[in-house]
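Colleague: Just passing along the structure, written as structure tokens.
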Amino acid sequence: MSPTSEDNPSREPPVVRVIDLVKRFSGRAVLDGVNLEVLPGETMVVMGPSGCGKSTLLRHMIGSMWPDAGRVDLFGRDLGEMSEAELDQARKRFGILFQSGALFNSMTVGENVALPLREHTNLDSDTIDIIVRIKLELVGLREALDRMPAEISGGMKKRAGLARAIALDPEILFYDEPSAGLDPVTSAEIDHLIMDLSHKLGVTSVVVTHEMDSAFRIADRMAMLDCGRMLKVASRQEFEDIRDGQVGKSPASDLIRQFLRGESEGPITARRLSSGYAEDILSVGGGEPTRSESNDA
């Protein structure tokens, strides 16, 4: 199993370190003082309700978005202090699997996987072709080398996207909702592929998801965001204990438990109901209720 904070007494430096991260949109804090460390070789699952800031956090980790306060360190360097050339070099050290696979529809599967190698290396075509076949074999997709993205299934697109993500032998793999839109069997196959690649390649993985079956299959440690704040970072076992009721009641554990169990009643839904949602909906187009509406009430 990959190392966790408990299995890492020497405390190797984290490969990703998020420090007091704040990001605002239109004055609203989407991330509000978030802290997180990702250790070498582990699979860190980042989860939380829709709109809690998961994808925004991921974008900061890969340097496609910049914080209003705080910072993100990647490989021991503050991304915000890197030059464009240094950022380009840092980005070659990680791969990203996007939700849809993000394949170029005008290219074959093999050409999609070859693209990073053609853009960022001086390898000859024969060597690139060999590497492409190796990467596709790692994800069980070598037979689709010459097929177009339109000719393969959603799960195959995810695997092709993963083959492209590992083309440059990255040290970190970032996954954005890898199981989204997949049937349960295909989702489980992607999860096993993530674990297999982590074992074979020794890469660090950061997985953003709200699919709980997937999260508990692949995680070494888990981090839960809520309303832009980091609610808890702990081992998978600690989150399992909360889910299974082995941890006493508290506002934080009750909220986490509802999310992990997917229950329709609890602090998350109570918060939504108390937010003025009903009043907001009823007021659309109507303003104040009419006299007859008031009498009917």
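The values are calculated or read from the model by the stated rules, or taken from the named source; none is laboratory data. None of these values were measured; they are calculated from a predicted model. FYI the Cβ positions are ideal-geometry reconstructions off the backbone, even for glycines, and counts take in every protein chain you see.
Colleague: When you go through (1) out of contact with any Lys or Arg (no Cβ under 6 Å at 6 or more places or on another chain); (2) under 25 Å from residue 202 (Cβ atoms) one by one for residue 83, which number turns out not to apply?
Modeller: (2)
Colleague: So which residues in the stretch 76-91 are within 20 Å of residue 165 (Cα to Cα) and either aliphatic (A, V, I, L, M) or buried (at least 16 other Cβ atoms within 10 Å of the Cβ) (or both), if there are any at all?
Modeller: If the condition is that a residue be within 20 Å of residue 165 (Cα to Cα) and either aliphatic (A, V, I, L, M) or buried (at least 16 other Cβ atoms within 10 Å of the Cβ) (or both), then 87, 90, 91 are the ones that fit.
Colleague: Please enumerate the residues belonging to the stretch 55-70 that are within 15 Å of residue 29 (Cβ to Cβ), out of contact with any helix residue (DSSP H, G or I) (no Cβ under 9 Å at 6 or more places or on another chain) and assigned to a helix (DSSP H, G or I).
Modeller: If the condition is that a residue be within 15 Å of residue 29 (Cβ to Cβ), out of contact with any helix residue (DSSP H, G or I) (no Cβ under 9 Å at 6 or more places or on another chain) and assigned to a helix (DSSP H, G or I), then 56, 57 are the ones that fit.
Colleague: Could you identify the single residue in 54, 92 that is in contact with a Ser or Thr (Cβ under 9 Å, 6 or more places away or on another chain) and not small (Gly, Ala, Ser)?
Modeller: Going through 54, 92 in turn, just one is in contact with a Ser or Thr (Cβ under 9 Å, 6 or more places away or on another chain) and not small (Gly, Ala, Ser): 54.
Colleague: Report whether or not residue 204 is of a type in the set (S, T, N, Q) and either modelled with pLDDT of 90 or more or surrounded by fewer than 17 Cβ atoms within 10 Å (Cβ to Cβ) (or both).
Modeller: yes
Colleague: With respect to residue 216, is the statement that it is surrounded by fewer than 19 Cβ atoms within 10 Å (Cβ to Cβ), modelled with pLDDT of 90 or more and outside any loop (DSSP other than H, G, I, E, B) true?
Modeller: yes
Colleague: Within the stretch 150-170, take every residue that is of a type in the set (D, E, K, R) and surrounded by fewer than 17 Cβ atoms within 10 Å (Cβ to Cβ) and give me the one that is farthest from residue 74 (Cα to Cα).
Modeller: 151
Colleague: If you check residue 140 against the conditions, is it more than 18 Å from residue 64 (Cβ to Cβ) and either at pLDDT below 90 or in a strand (DSSP E or B) (or both)?
Modeller: Yes; evaluated as a whole, the condition is true for this residue.
Colleague: Let me ask something additional. Report, by residue number, each residue of the stretch 154-178 that is in a strand (DSSP E or B) and among the charged types (D, E, K, R).
Modeller: Once the filter is applied, which keeps residues that are in a strand (DSSP E or B) and among the charged types (D, E, K, R), the stretch 154-178 yields only 176.
Colleague: May I ask you to list the residues in the stretch 226-262 that are part of a strand (DSSP E or B), among the small types (Gly, Ala, Ser) and either in contact with a strand residue (DSSP E or B) (Cβ under 6 Å, 6 or more places away or on another chain) or at pLDDT below 95 (or both)?
Modeller: 235
Colleague: Taking interchain pairs and intrachain pairs at least six residues apart, which have beta carbon atoms under 9 angstrom, with the first residue in the stretch 123-151 and closer than 20 Å to residue 201 by Cβ and the second among the acidic types (Asp, Glu) and exposed (fewer than 12 other Cβ atoms within 10 Å of the Cβ)?
Modeller: So the pair list comes out as 136/143.
Colleague: Tell me, please, whether a residue that is of a type in the set (Phe, Trp, Tyr), in a loop (DSSP other than H, G, I, E, B) and closer than 24 Å to residue 55 by Cα can be found in the stretch 104-119.
Modeller: yes
Colleague: All but one of (1) in contact with a Pro (Cβ under 6 Å, 6 or more places away or on another chain); (2) buried (at least 18 other Cβ atoms within 10 Å of the Cβ); (3) farther than 21 Å from residue 94 by Cβ hold for residue 105; which doesn't?
Modeller: Condition (2) is where residue 105 drops out.
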